[in-house]
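Visitor: What follows is a single structure, and I will ask about it in a moment.
The values are calculated or read from the model by the stated rules, or taken from the named source; none is laboratory data. From a predicted model like this one, the values you see are computed outputs, not experimental measurements. As a convention, Cβ positions derive from the backbone with ideal geometry for all residues, glycine included, and neighbour counts pool all protein chains shown. The accessibility values were calculated without ligands, DNA or RNA, using every heavy atom of the protein model including side chains. Shrake-Rupley method; radii C 1.70, N 1.55, O 1.52, S 1.80 Å.
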Amino acid sequence: MTQKTLLLTGASRGIGHATVRRFSDEGWRVITCSRQPFSDRCPWPGGRENHVQLDLSDPAETINAVGVIQEMLEGRLDALVNNAGISPKGPDGERLNTIDTDLLTWGKVFHVNFFASVVLARGLREELAAARGSVVNVTSIAGSRVHPFAGAAYATSKAALTREMAHDFGPLGVRVNAIAPGEVETSILSPGTEKIVENLPLRRLGQPEEVAAAIYFLCSQESSYISGTEIEVNGAQHV
Ligand SMILES: NC(=O)c1ccc[n+]([C@@H]2O[C@H](COP(=O)([O-])OP(=O)(O)OC[C@H]3O[C@@H](n4cnc5c(N)ncnc54)[C@H](OP(=O)(O)O)[C@@H]3O)[C@@H](O)[C@H]2O)c1
(Lines give C-alpha, C1' and ligand atoms only; values in the text may rest on other atoms or scores of the structure.)
Protein backbone atom coordinates (compact mmCIF):
# COMPACT_ATOMS: atom_id res chain seq x y z
CA MET A 1 0.00 0.00 0.00
CA THR A 2 1.28 3.52 -0.81
CA GLN A 3 2.05 5.60 2.24
CA LYS A 4 -0.43 8.47 2.62
CA THR A 5 0.80 12.05 2.96
CA LEU A 6 -0.52 14.87 5.15
CA LEU A 7 0.49 18.53 4.93
CA LEU A 8 -0.17 20.27 8.24
CA THR A 9 0.41 23.91 9.20
CA GLY A 10 1.26 24.95 12.75
CA ALA A 11 2.88 21.70 13.80
CA SER A 12 5.29 22.95 16.43
CA ARG A 13 3.00 22.72 19.45
CA GLY A 14 -0.57 22.32 20.68
CA ILE A 15 -3.23 20.75 18.46
CA GLY A 16 -0.87 20.60 15.47
CA HIS A 17 1.77 18.70 17.42
CA ALA A 18 -0.79 16.13 18.60
CA THR A 19 -2.12 15.80 15.06
CA VAL A 20 1.31 15.01 13.61
CA ARG A 21 1.80 12.37 16.29
CA ARG A 22 -1.57 10.77 15.52
CA PHE A 23 -1.07 10.60 11.74
CA SER A 24 2.52 9.46 12.18
CA ASP A 25 1.39 6.66 14.50
CA GLU A 26 -1.13 5.64 11.82
CA GLY A 27 1.72 5.29 9.30
CA TRP A 28 1.30 8.55 7.37
CA ARG A 29 4.14 10.72 6.11
CA VAL A 30 3.59 14.21 7.56
CA ILE A 31 4.95 17.40 6.01
CA THR A 32 4.87 20.21 8.56
CA CYS A 33 5.00 24.02 8.28
CA SER A 34 5.62 26.57 10.99
CA ARG A 35 7.81 29.59 11.71
CA GLN A 36 10.14 27.64 14.01
CA PRO A 37 12.86 25.38 12.58
CA PHE A 38 12.30 21.66 13.15
CA SER A 39 12.96 20.77 16.78
CA ASP A 40 14.59 17.54 17.96
CA ARG A 41 11.88 17.45 20.62
CA CYS A 42 9.42 16.46 17.86
CA PRO A 43 9.50 12.69 18.05
CA TRP A 44 8.20 11.60 14.65
CA PRO A 45 10.18 9.82 11.93
CA GLY A 46 11.48 11.89 8.99
CA GLY A 47 10.49 15.12 10.75
CA ARG A 48 13.50 17.18 9.76
CA GLU A 49 13.38 16.40 5.99
CA ASN A 50 9.62 16.91 5.97
CA HIS A 51 9.58 20.32 7.65
CA VAL A 52 9.08 23.61 5.77
CA GLN A 53 9.99 26.68 7.82
CA LEU A 54 7.47 29.28 6.77
CA ASP A 55 5.81 32.43 8.08
CA LEU A 56 2.20 32.18 6.92
CA SER A 57 1.61 35.85 7.75
CA ASP A 58 3.80 36.68 4.73
CA PRO A 59 1.72 36.21 1.56
CA ALA A 60 4.69 36.09 -0.86
CA GLU A 61 6.47 33.50 1.30
CA THR A 62 3.31 31.41 1.44
CA ILE A 63 2.74 31.55 -2.33
CA ASN A 64 6.40 30.58 -2.95
CA ALA A 65 6.15 27.70 -0.50
CA VAL A 66 3.55 25.99 -2.69
CA GLY A 67 6.25 25.15 -5.28
CA VAL A 68 8.62 23.91 -2.57
CA ILE A 69 5.90 21.65 -1.17
CA GLN A 70 4.94 20.36 -4.65
CA GLU A 71 8.54 19.22 -5.13
CA MET A 72 8.30 17.24 -1.89
CA LEU A 73 5.16 15.44 -3.06
CA GLU A 74 4.96 12.71 -5.67
CA GLY A 75 2.01 14.29 -7.44
CA ARG A 76 -0.51 13.44 -4.74
CA LEU A 77 -1.59 14.78 -1.37
CA ASP A 78 -4.05 12.81 0.75
CA ALA A 79 -4.80 15.52 3.31
CA LEU A 80 -4.20 19.19 4.05
CA VAL A 81 -4.88 20.37 7.59
CA ASN A 82 -4.96 24.15 7.96
CA ASN A 83 -4.26 24.36 11.67
CA ALA A 84 -1.88 27.31 12.20
CA GLY A 85 -3.69 30.16 13.89
CA ILE A 86 -3.12 33.32 15.89
CA SER A 87 -5.47 35.08 18.27
CA PRO A 88 -4.05 38.48 19.27
CA LYS A 89 -5.27 40.25 22.40
CA GLY A 90 -5.09 43.82 23.68
CA PRO A 91 -2.20 45.02 25.92
CA ASP A 92 -3.93 43.72 29.07
CA GLY A 93 -5.13 40.50 27.47
CA GLU A 94 -8.50 41.94 26.55
CA ARG A 95 -10.64 40.95 23.56
CA LEU A 96 -9.99 43.05 20.43
CA ASN A 97 -13.35 44.04 19.02
CA THR A 98 -14.50 45.44 15.66
CA ILE A 99 -14.02 49.02 16.92
CA ASP A 100 -10.52 48.64 18.45
CA THR A 101 -8.70 46.23 16.15
CA ASP A 102 -6.21 48.09 13.96
CA LEU A 103 -6.18 47.04 10.33
CA LEU A 104 -2.60 45.73 10.43
CA THR A 105 -3.54 43.28 13.18
CA TRP A 106 -6.73 42.37 11.35
CA GLY A 107 -4.72 41.72 8.16
CA LYS A 108 -2.09 39.59 9.92
CA VAL A 109 -4.78 37.43 11.50
CA PHE A 110 -6.41 36.94 8.11
CA HIS A 111 -3.13 36.04 6.40
CA VAL A 112 -2.32 33.32 8.93
CA ASN A 113 -5.81 32.00 9.73
CA PHE A 114 -7.59 32.42 6.41
CA PHE A 115 -5.62 33.40 3.28
CA ALA A 116 -2.85 30.85 3.90
CA SER A 117 -5.52 28.10 3.87
CA VAL A 118 -6.81 29.36 0.53
CA VAL A 119 -3.32 29.68 -1.01
CA LEU A 120 -2.25 26.18 0.06
CA ALA A 121 -5.49 24.44 -0.89
CA ARG A 122 -5.83 25.97 -4.32
CA GLY A 123 -2.08 25.76 -5.04
CA LEU A 124 -2.12 22.04 -4.24
CA ARG A 125 -5.53 21.24 -5.75
CA GLU A 126 -4.15 18.94 -8.46
CA GLU A 127 -2.25 16.87 -5.89
CA LEU A 128 -5.33 16.76 -3.63
CA ALA A 129 -7.53 15.75 -6.57
CA ALA A 130 -5.07 13.02 -7.63
CA ALA A 131 -5.44 11.43 -4.18
CA ARG A 132 -9.19 12.21 -3.82
CA GLY A 133 -7.93 13.93 -0.69
CA SER A 134 -9.40 15.79 2.21
CA VAL A 135 -8.95 19.31 3.58
CA VAL A 136 -9.62 20.06 7.25
CA ASN A 137 -9.74 23.65 8.45
CA VAL A 138 -9.22 24.07 12.18
CA THR A 139 -11.80 26.73 13.02
CA SER A 140 -13.18 27.65 16.46
CA ILE A 141 -16.32 27.98 18.50
CA ALA A 142 -15.62 31.72 18.08
CA GLY A 143 -16.51 31.37 14.37
CA SER A 144 -20.18 30.95 15.22
CA ARG A 145 -20.68 33.08 18.36
CA VAL A 146 -19.02 35.97 20.19
CA HIS A 147 -16.39 34.64 22.60
CA PRO A 148 -15.21 36.49 25.74
CA PHE A 149 -11.50 36.40 24.74
CA ALA A 150 -11.27 35.64 21.01
CA GLY A 151 -11.26 38.89 19.01
CA ALA A 152 -13.39 40.00 16.09
CA ALA A 153 -10.64 39.44 13.49
CA TYR A 154 -9.98 35.94 14.81
CA ALA A 155 -13.69 35.07 14.90
CA THR A 156 -14.41 36.26 11.38
CA SER A 157 -11.30 34.43 10.07
CA LYS A 158 -12.84 31.20 11.39
CA ALA A 159 -16.21 31.54 9.66
CA ALA A 160 -17.58 30.54 6.25
CA LEU A 161 -14.43 29.39 4.39
CA THR A 162 -15.17 25.68 4.73
CA ARG A 163 -18.62 26.02 3.16
CA GLU A 164 -17.19 27.88 0.14
CA MET A 165 -14.27 25.49 -0.31
CA ALA A 166 -16.46 22.39 -0.01
CA HIS A 167 -18.60 23.74 -2.84
CA ASP A 168 -15.63 24.57 -5.05
CA PHE A 169 -13.40 21.54 -4.38
CA GLY A 170 -16.20 18.94 -4.40
CA PRO A 171 -16.16 18.52 -8.21
CA LEU A 172 -12.45 17.64 -7.94
CA GLY A 173 -13.33 14.78 -5.60
CA VAL A 174 -11.81 16.66 -2.66
CA ARG A 175 -13.74 16.83 0.61
CA VAL A 176 -13.48 19.95 2.79
CA ASN A 177 -14.54 20.00 6.43
CA ALA A 178 -13.77 21.85 9.64
CA ILE A 179 -13.33 21.01 13.27
CA ALA A 180 -14.25 23.75 15.72
CA PRO A 181 -12.49 23.38 19.08
CA GLY A 182 -13.81 25.05 22.21
CA GLU A 183 -11.30 25.32 25.07
CA VAL A 184 -8.35 23.02 24.46
CA GLU A 185 -5.28 22.90 26.71
CA THR A 186 -2.64 24.72 24.61
CA SER A 187 -0.69 27.97 24.81
CA ILE A 188 -3.38 29.85 22.86
CA LEU A 189 -5.73 29.92 25.91
CA SER A 190 -6.26 33.17 27.81
CA PRO A 191 -6.13 33.70 31.57
CA GLY A 192 -9.72 33.37 32.80
CA THR A 193 -10.49 30.28 30.69
CA GLU A 194 -10.97 28.33 33.94
CA LYS A 195 -14.17 30.34 34.54
CA ILE A 196 -15.57 29.17 31.18
CA VAL A 197 -14.58 25.58 31.92
CA GLU A 198 -16.47 25.60 35.25
CA ASN A 199 -19.71 26.00 33.31
CA LEU A 200 -19.04 23.61 30.43
CA PRO A 201 -21.33 20.57 30.40
CA LEU A 202 -18.25 18.28 30.49
CA ARG A 203 -16.57 20.51 33.15
CA ARG A 204 -13.06 20.11 31.73
CA LEU A 205 -10.67 21.39 29.07
CA GLY A 206 -10.24 19.37 25.90
CA GLN A 207 -6.89 17.77 25.16
CA PRO A 208 -5.03 18.26 21.85
CA GLU A 209 -5.17 14.48 21.23
CA GLU A 210 -8.99 14.61 21.34
CA VAL A 211 -8.98 17.24 18.60
CA ALA A 212 -6.42 15.25 16.58
CA ALA A 213 -8.76 12.24 16.67
CA ALA A 214 -11.57 14.25 15.02
CA ILE A 215 -9.15 15.56 12.38
CA TYR A 216 -7.97 12.03 11.67
CA PHE A 217 -11.57 10.85 11.22
CA LEU A 218 -12.21 13.59 8.65
CA CYS A 219 -9.10 12.57 6.68
CA SER A 220 -9.94 8.86 6.72
CA GLN A 221 -12.22 6.74 4.57
CA GLU A 222 -14.59 6.50 7.56
CA SER A 223 -15.87 9.95 6.57
CA SER A 224 -15.88 9.39 2.78
CA TYR A 225 -19.27 11.09 2.16
CA ILE A 226 -18.86 13.91 4.68
CA SER A 227 -18.00 17.29 3.17
CA GLY A 228 -18.87 20.89 3.98
CA THR A 229 -19.48 20.20 7.64
CA GLU A 230 -17.96 21.45 10.90
CA ILE A 231 -17.56 19.13 13.87
CA GLU A 232 -17.73 20.81 17.28
CA VAL A 233 -15.03 19.46 19.61
CA ASN A 234 -15.89 21.35 22.76
CA GLY A 235 -17.49 19.25 25.52
CA ALA A 236 -20.94 20.64 24.58
CA GLN A 237 -19.92 24.30 24.97
CA HIS A 238 -22.16 25.18 22.01
CA VAL A 239 -25.43 23.86 23.45
N1 LIG B 1 -6.59 25.73 21.97
C2 LIG B 1 -7.84 26.09 21.83
O3 LIG B 1 -8.58 26.12 22.80
C4 LIG B 1 -8.41 26.43 20.48
C5 LIG B 1 -9.77 26.75 20.41
C6 LIG B 1 -10.33 27.05 19.18
C7 LIG B 1 -9.56 27.02 18.04
N8 LIG B 1 -8.23 26.71 18.11
C9 LIG B 1 -7.46 26.70 16.87
O10 LIG B 1 -6.63 25.56 16.81
C11 LIG B 1 -5.48 25.84 16.03
C12 LIG B 1 -4.24 25.43 16.77
O13 LIG B 1 -4.19 26.19 17.95
P14 LIG B 1 -3.37 25.76 19.26
O15 LIG B 1 -4.27 25.97 20.39
O16 LIG B 1 -2.70 24.46 19.05
O17 LIG B 1 -2.35 27.01 19.25
P18 LIG B 1 -0.81 27.15 19.55
O19 LIG B 1 -0.40 26.19 20.61
O20 LIG B 1 -0.61 28.60 19.77
O21 LIG B 1 -0.14 26.70 18.15
C22 LIG B 1 -0.30 27.50 17.01
C23 LIG B 1 0.53 26.91 15.90
O24 LIG B 1 0.43 27.81 14.77
C25 LIG B 1 1.73 28.09 14.30
N26 LIG B 1 1.80 29.45 13.76
C27 LIG B 1 1.40 30.60 14.38
N28 LIG B 1 1.67 31.66 13.60
C29 LIG B 1 2.23 31.16 12.47
C30 LIG B 1 2.73 31.77 11.30
N31 LIG B 1 2.74 33.10 11.12
N32 LIG B 1 3.25 30.97 10.34
C33 LIG B 1 3.30 29.63 10.51
N34 LIG B 1 2.82 28.99 11.59
C35 LIG B 1 2.30 29.75 12.56
C36 LIG B 1 2.63 27.94 15.51
O37 LIG B 1 3.94 27.57 15.12
P38 LIG B 1 5.20 28.58 15.15
O39 LIG B 1 5.09 29.41 16.39
O40 LIG B 1 6.37 27.67 15.08
O41 LIG B 1 5.07 29.35 13.89
C42 LIG B 1 1.98 26.77 16.25
O43 LIG B 1 2.47 25.53 15.77
C44 LIG B 1 -5.53 27.35 15.71
O45 LIG B 1 -6.04 27.53 14.40
C46 LIG B 1 -6.51 27.88 16.74
O47 LIG B 1 -7.17 29.04 16.28
C48 LIG B 1 -7.63 26.41 19.32
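Visitor: Using the 2.2 N^0.38 Å rule of thumb for compact globular proteins, work out how segment 134-239 stacks up: its C-alpha Rg over that value, please.
Guide: Computed over Cα atoms of segment 134-239, the ratio equals 1.11.
Visitor: Ok, one more. Between ASP58 and ARG132, what FRET efficiency comes out of the Förster formula 1/(1 + (r/R0)^6) with R0 = 30 Å and r the beta carbon distance, rounded to 0.05?
Guide: 0.45
Visitor: Same structure, new question: Mean-square fluctuation check for the chain, GNM, Cα pairs under 10 Å: which of ALA131, ALA121, ALA60 is largest?
Guide: In this elastic network of the chain, the residue with the biggest mean-square fluctuation among ALA131, ALA121, ALA60 is ALA60.
Visitor: Please state, to two decimals, what the Cα-based radius of gyration of segment 1-83 comes to when divided by 2.2 N^0.38 Å (N = residues).
Guide: In units of the globular-protein estimate, segment 1-83 measures up at 1.01.
Visitor: While we're on this one: Can you pull out the GluC sites (Glu not before Pro) in segment 8-80 whose DSSP state is coil and whose Cβ has at most 16 other Cβ atoms within 10 Å?
Guide: Passing both the DSSP loop test and the Cβ count: GLU26, GLU49, GLU74.
Visitor: Same structure again: Using θ = phi - 60° and the Karplus relation 6.51 cos²θ - 1.76 cosθ + 1.60, list the HN-Hα couplings for segment 67-81 in order, rounded to whole Hz, with x at every Gly or Pro.
Guide: Residue by residue, segment 67-81 yields x, 4, 5, 4, 5, 7, 9, 9, x, 9, 9, 7, 7, 10, 10 Hz.
Visitor: Please compute P(r) over all alpha-carbon pairs of segment 25-138, binned at 10 Å starting from zero, and give each bin as a whole-number percent.
Guide: 12, 39, 32, 13, 3
Visitor: Given ASN113, ALA142, LEU73, which one lies farthest toward the positive end of the charge dipole of segment 61-148, if we put +1 on the Cβ of every Lys and Arg and -1 on the Cβ of every Asp and Glu?
Guide: About the Cα centre, the residue reaching furthest to the positive side is ALA142.
Visitor: Here is a follow-up. What distance in nm separates the simple spin-label points at SER187 and ASN199, each placed 7 Å from Cα in the Cβ direction?
Guide: Those two pseudo-labels are separated by 3.0 nm.
Visitor: When only Cα pairs under 8 Å and 6 or more residues apart are kept, what is the percent relative contact order across the chain?
Guide: 20
Visitor: Could I ask something else about it? Can you return the lysines within cross-link range of LYS108? Criterion is Cα-Cα under 25 Å, with same-chain partners fewer than 8 residues away left out.
Guide: Of all the lysines, those that pass the test against LYS108 - Cα under 25 Å, at least 8 places apart if same chain - are LYS89, LYS158.
Visitor: Here is a further query. Under a crude label model (7 Å from the Cα following the beta-carbon direction), how far is HIS238 from SER144 in nanometres?
Guide: 0.2
Visitor: Please list, by residue number, everything in segment 171-196 whose backbone N is under 17 Å from a paramagnetic label point 7 Å out along Cα→Cβ of SER39.
Guide: 185-189
Visitor: Starting from one equal scatterer on each C-alpha and no solvent at all, send me the Debye-based log10 I(q)/I(0) for the chain at q = 0.07, 0.16 Å⁻¹, two decimals.
Guide: Here the Debye-derived log intensity ratios amount to -0.21, -1.16.
Visitor: Over the chain, with the other protein chains present, what is the accessible area per residue in square angstrom, probe 1.4 angstrom?
Guide: Accessible area per residue, the chain: 50 Å².
Visitor: Just by accessible area at a 1.4 angstrom probe, what is the order of VAL176, VAL119 from largest to smallest?
Guide: Reading off the accessible areas and sorting them downward yields VAL119, VAL176.
Visitor: Still on this structure, I have one more. Have a look at VAL197, VAL211, VAL52 and tell me which one the Gaussian network model of the chain (Cα, springs below 10 Å) gives the largest fluctuation.
Guide: In the Gaussian network model the winner is VAL197.
Visitor: Taking R0 as 25 Å, what's the FRET efficiency between GLU49 and LEU172 from their Cβ-Cβ distance, rounded to 0.05?
Guide: Calculated transfer efficiency: 0.30.
Visitor: For a quick check of your reading of the filter: which chymotrypsin sites (Phe, Trp or Tyr not before Pro) in segment 176-226 sit in a DSSP loop and have no more than 16 other Cβ atoms within 10 Å?
Guide: Hits after loop and neighbour filter: TYR225.
Visitor: Taking R0 as 35 Å, what FRET efficiency do you get between SER220 and LYS89 from their Cβ-Cβ distance, rounded to the nearest 0.05?
Guide: For SER220 and LYS89, the calculated efficiency is 0.50.
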